[in-house]
Amino acid sequence: MKKVSVVTVVCALLVFAPQVRGSQRLAVRVSPIVALAPAFLTIRASVEPSDDNRTLNVVVDSDGYSTSSDIPLEGRSAARLNVIELKDVPSGLYEVRAVLMGTHGPIASTMQFVKVQPAVGR
């Protein structure tokens, strides 16, 4: 029964994971999308260059754990790819949200779910 629930979660995450398209202002990819605790997660946020880009806010949130990062951007000259690595992430279902902020407020946002399973025997 446990294997069926894990397969169901993995399939749901793959179906509902955001797709990266070239015309998006902001895209986020988290890997792995399913991991064993304590997990090492890599978050890649792709930002389309624009003079209006000022800050990238990334939040990783579940019932028992939350962290956030603000990455300053220098408009069009900022890096397209921003990488955040998280170590020792505990088990839970996580919502990873990224918000691109401009000079007059939010420009774009996106989100992806990540599942961190409890390690066997824990």
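Which value in nm describes the separation of the simple spin-label points at residue 52 and residue 97, placed 7 Å from the Cα toward the beta carbon?
Calculated label separation equals 2.0 nm.
If I model a spin label as a point 7 Å beyond the Cα along the Cα-Cβ vector, how far apart are those points for residue 37 and residue 68 in nm?
Taking the simple label geometry, residue 37 and residue 68 are separated by 2.3 nm.
Laboratory data are not the source of any read-out in this text; all were calculated from the coordinates shown. Worth saying up front: this structure is predicted, and the values here are computed from it rather than measured. Reconstructed Cβ throughout: ideal geometry from the backbone, glycine too, with neighbour counts over all protein chains shown.
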